[in-house]
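Student: Here it is, the structure, as structure tokens.
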Amino acid sequence: MLEKTMGNFTSNRFVTLDKSQLIINALLAAKDDVKEILSVDVEPQVTSFEPLNGEALVSGRVNVKVLTKDAEGALNSLNYNADFSDRYKNELIEPNSSLTFEADVVDANAAVENGAIKVEIVADLNGTLTETAQNSCLSRAEGIYVKEDVITVGRVAATVSDNFTVSGEAEVKYGIEKVLLAQSDVCLAHAEARDNVLTLEGDCALVLTYIAVGGGLKSQLIKIPFREEVNAEGFSGEGEINVFCRVRNTRIHLDVLEDAENNIFTAEINIAVRAQNIVEEDEDVICDAYSATHELELSFCRVASTVSYGMTAATFNSAGEISVPGDAEITGFCGLKAAVTSVRPLDGKLTLEGVLTGTLLASGGGDAAYPFAVPFVHTVENDDITENLVVRADAAVTEFEYRQGRNVSMNFTVCVSANLYRNIEENCVADAVEGEELSETMGAIEVCIAKAGETLWQIAKSLRMSKEDIMAANPELVTPLEKDEKLVVYHCIAKD
């Protein structure tokens with residue numbers, strides 16, 4: 001008589017949803033008589049979303065920073081916010097879905113039309129779905145033979161979404177008469193969690209573009225290190241953590257001192273952080289079963305989950321060059337963005353490809369702007385990396401220098417932080433239903449052929465005998481079989 005006990009456990013799996021192209025158009029009122037737009041920098045942020053059946057209503061805000069030149073040749077900066085909304089369609093989305101969204105800029109253009117600034121932004125809206133499954137499996141059974149196993153299951157033990165502000169005093173080479181642009185990025189070098197506290201270490205990279213005292217356009221990239229502690233309920237220190245950081249806004253406070261050149265300032269960089277504490281746990285399951293006396297119908301449960309391999313970080317140098325007109329004197333830069341475009345995990349290493357984009361600013365022959373895109377490639381060595389990993393990598397440029405000769409050569413330092421995952425699938429017996437009783441048609445003693453490669457479990461299941469009975473009759477049997485073997489079998493159908 002079959003007696004069984006069922007077990008239940010939870011698993012979580014991350015599903016990367018298809019990209020959706022997002023078009024954002026904004027018409028911005030110009031405060032000054034804008035003659036020319038030198039650069040445009042945009043930062044879209046998803047602020048809210050509502051999951052529905054087959055889609056999610058996504059809303060957000062984009063910050064637009066525009067560097068302009070007026071009719072008199074003066075440089076000015078304009079800062080705007082514009083709202084956007086979109087219907088993100090995917091058949092996996094349900095009203096109770098757990099989702100996250102990020103908007104990554106693909107292209108941005110700005111033009112002057114009838115005294116206003118028209119901005120068109122093309123962005124990729126990237127969605128991630130966290131699936132939660134309640135798995136019901138057969139955990140114990142009496143009256144049948146079972147093959148027990150231990151499977152690995154990934155679970156999200158805790159999540160946190162918060163903001164923190166990095167503040168730092170910095171100094172530029174020349175006195176500041178007017179700040180034009182303050183653009184920043186963040187790179188995470190290390191993260192650890194313990195006792196409900198998430199500790200983050202990394203660097204903020206601030207590009208300050210300004211008019212110097214006495215005139216002249218200047219730029220400087222300043223690296224501001226940070227170590228921040230974030231309240232993270234449920235982060236115990238067990239398992240692995242994955243962290244995503246994005247800059248939300250940057251503020252500059254000039255320290256105006258009497259009879260000083262005003263080259264010291266304070267930066268406040270607000271950063272949004274999202275973190276997950278992912279634990280990897282073992283579950284005792286039954287992966288196969290058979291009966292010696294009855295037909296047995298098995299149903300199986302597919303357990304899909306995601307386990308984390310934590311984070312890895314790398315810093316490396318790269319270089320590139322572009323050509324500019326001979327009468328153009330490069331005096332500054334803005335809009336530096338490092339982006340990872342391709343990730344190839346291999347055993348023991350991770351190959352990253354990306355591009356650094358930005359704009360060189362020039363004077364001489366009329367102020368002008370020269371956008372550039374410089375590719376970079378780097379390989380990260382890490383013994384934990386395997387070919388089947390899923391990798392999410394973010395990059396920031398933390399140092400930048402240029403030298404003008406026949407061409408403009410650029411040397412820069414890129415910081416990359418990568419979150420590592422692996423999707424796994426396991427199978428277990430969901431249920432076993434006893435069918436008709438088997439009839440005795442075999443003789444008391446039989447000689448059977450077992451095929452090469454078969455395990456002891458496979459042999460026992462095919463003969464509906466216990467493994468112990470088979471070994472008792474065939475004590476020299478070694479499995480898996482290297483070749484076809486003749487086996488002596490007593491009582492092919494055993495009675496309990």
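The values are calculated or read from the model by the stated rules, or taken from the named source; none is laboratory data. Keep in mind that this is a model prediction, so the values were computed, not measured. Note that we place each Cβ from the backbone using ideal geometry, even for glycine, and neighbour counts take in every protein chain shown.
Student: Take Val106 and tell me if it is in contact with a strand residue (DSSP E or B) (Cβ under 8 Å, 6 or more places away or on another chain) and surrounded by 15 or more Cβ atoms within 10 Å (Cβ to Cβ).
Tutor: Criteria not met by Val106.
Student: Shifting gears a bit: Under the condition of being assigned to a strand (DSSP E or B) and among the hydrophobic types (A, V, I, L, M, F, W, C), which residue from region 235-252 is farthest from Ser308 (Cα to Cα)? Write out each step before concluding.
Tutor: At the first step, the residues of region 235-252 found to be assigned to a strand (DSSP E or B) are 240-252.
Add one more test, that the residue is among the hydrophobic types (A, V, I, L, M, F, W, C), and what stays is 241, 243-245, 247, 252.
Working: Ile241: 7, Val243: 11, Phe244: 14, Cys245: 18, Val247: 24, Ile252: 38 Å.
Checked region 235-252; the qualifying residue farthest from Ser308 (Cα to Cα) is Ile252.
Student: If you go through region 129-163, how many residues are of a type in the set (Phe, Trp, Tyr) and surrounded by fewer than 16 Cβ atoms within 10 Å (Cβ to Cβ)?
Tutor: At the first step, the residues of region 129-163 found to be of a type in the set (Phe, Trp, Tyr) are 145.
Then keep just the ones that are surrounded by fewer than 16 Cβ atoms within 10 Å (Cβ to Cβ); that gives none.
Here the count works out to 0.
Student: For region 1-48, give me each residue that is buried (at least 20 other Cβ atoms within 10 Å of the Cβ), closer than 13 Å to Leu67 by Cα and among the small types (Gly, Ala, Ser).
Tutor: Within region 1-48, just Ser39 meets the criteria.
Student: Another question about this same structure. Going residue by residue through region 62-75, is there one that turns out to be small (Gly, Ala, Ser) and in a strand (DSSP E or B)? Full working, then the answer.
Tutor: Taking region 62-75 and keeping what is small (Gly, Ala, Ser), we get 71, 73-74.
Filter once more, keeping what is in a strand (DSSP E or B): none.
Among the residues of region 62-75, not one is small (Gly, Ala, Ser) and in a strand (DSSP E or B), which makes the answer no.
Student: Further, regarding this structure: Can you find, within region 287-303, the residue that is farthest from the chain's Cα centre (by Cα) among those that are closer than 15 Å to Gln134 by Cα and surrounded by fewer than 18 Cβ atoms within 10 Å (Cβ to Cβ)?
Tutor: Start the filter on region 287-303 by keeping residues that are closer than 15 Å to Gln134 by Cα, which leaves 300-303.
This time we only want the ones that are surrounded by fewer than 18 Cβ atoms within 10 Å (Cβ to Cβ), so: 300-302.
Numbers: Phe300: 31, Cys301: 28, Arg302: 25 Å.
Across region 287-303, the extreme among qualifying residues is Phe300.
Student: Starting from residues that are among the polar types (S, T, N, Q) and more than 54 Å from the chain's Cα centre (by Cα), keep the ones in region 435-473 and report whichever is modelled with the highest pLDDT. Explain how you work it out, then say what you get.
Tutor: Going residue by residue through region 435-473, those that are among the polar types (S, T, N, Q) are 439, 441, 455, 458, 462, 466.
Subset that is more than 54 Å from the chain's Cα centre (by Cα): 439, 441.
Details: Ser439: 73, Thr441: 59.
If we take residues in region 435-473 being among the polar types (S, T, N, Q) and more than 54 Å from the chain's Cα centre (by Cα), then Ser439 is modelled with the highest pLDDT.
A quick yes/no check of all residues on (1) of a type in the set (S, T, N, Q); (2) touching a helix residue (DSSP H, G or I) at 6+ places or on another chain (Cβ under 8 Å); (3) more than 30 Å from Ser466 (Cα to Cα):
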{"residue": "Ala123", "(1), (2), (3)": "no, no, yes"}
{"residue": "Asn126", "(1), (2), (3)": "yes, no, yes"}
{"residue": "Gly143", "(1), (2), (3)": "no, no, no"}
{"residue": "Val166", "(1), (2), (3)": "no, no, yes"}
{"residue": "His190", "(1), (2), (3)": "no, no, yes"}
{"residue": "Ala205", "(1), (2), (3)": "no, no, yes"}
{"residue": "Lys223", "(1), (2), (3)": "no, no, yes"}
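Conditions (1) part of a strand (DSSP E or B); (2) in contact (Cβ under 8 Å) with a residue 40 or more places away in the chain; (3) farther than 16 Å from Ser417 by Cα, marked per residue:
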site: Gly320; (1), (2), (3): yes, yes, yes
site: Gly326; (1), (2), (3): no, no, yes
site: Thr341; (1), (2), (3): yes, no, no
site: Leu360; (1), (2), (3): yes, yes, yes
site: Ala369; (1), (2), (3): yes, yes, yes
site: Phe376; (1), (2), (3): yes, yes, no
site: Thr386; (1), (2), (3): no, yes, yes
site: Arg403; (1), (2), (3): yes, no, yes
